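Asker: Questions regarding the structure given below will be posed in turn.
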Amino acid sequence: MEKREKTKERARTGTSKKGCIICGKEKDGFDVKEDYVIESMRWFKRNVTRNAKNYTIVVCKECVPQYRKLRARHVRSRSIYVGLGVIFTVTLLLASHGSLGALAYGIAMTVFLYLLSLLSYIPAVKDESKLNAFAVAAAEKKPA
Ligand SMILES: [Zn+2]
């Protein structure tokens with residue numbers, strides 16, 4: 001059943017290659033969630049740079065600790081950036097006594113900050129609990 005699903009997916013994407021997002025090697029690992037950022041990157045590659053490699057993006061086992069560190073950093077910086085944008089918007093609104101122009105400017109600024117935070121984009125994996133369980137098990141195996 002699972003094998004059939006895989007074959008189907010292979011047929012759909014036209015490849016069975018998997019690439020690790022951290023080390024860039026062709027390896028199997030934890031599947032990354034295909035969200036809108038990944039989708040737009042794929043679109044960009046396909047239509048703008050025309051070098052779509054059709055890799056399924058994964059996080060290989062060796063890169064799990066590194067991935068968790070980078071992912072946590074990205075999530076944190078994204079909330080800081082968006083938080084700053086919101087504070088900026090509220091400040092503008094208060095200073096301008098609620099002008100629509102200030103609101104539009106604040107929202108544009110927040111979107112811009114959000115896009116900036118995507119420069120360090122590290123996507124989520126499909127099965128976060130599985131990855132975390134693996135990381136904990138790996139950490140326990142190694143004596144600190
Ligand atoms: Zn890797």
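Asker: In Å and on Cα atoms, what radius of gyration and Dmax does the range 2-123 show?
Answerer: 19.2, 61
Asker: Another question about this same structure. Assuming 0.36 nm per residue, please report the length gained on full extension of the stretch L93 to E39 beyond their Cα-Cα distance.
Answerer: Details: separation 54, 0.36 × 54 = 19.44 nm, distance 3.43 nm.
Gain on stretching L93 to E39: 16.0 nm.
Asker: Sorted by mean Cβ packing within 10 Å, highest first, what order do the peptides 92-100, 106-114 take? Mind dumping the intermediate values first?
Answerer: Numbers: 92-100: 11.9, 106-114: 15.2.
In descending order of packing, they fall as 106-114, 92-100.
Asker: For the ranges 65-71, 36-42, what's the packing order if you count other beta-carbon atoms within 10 Å of each residue, average per peptide, and put the highest first?
Answerer: Numbers: 65-71: 16.3, 36-42: 12.6.
Answer by packing, highest mean first, reads 65-71, 36-42.
Every number here is computed from the coordinates shown, using simple stated rules; none is lab data. Only a predicted model underlies this, so the values are computations on that prediction, with no experimental measurement involved. Using ideal geometry, Cβ is built from the backbone for each residue, glycine included, and neighbour counts are taken over all protein chains shown.
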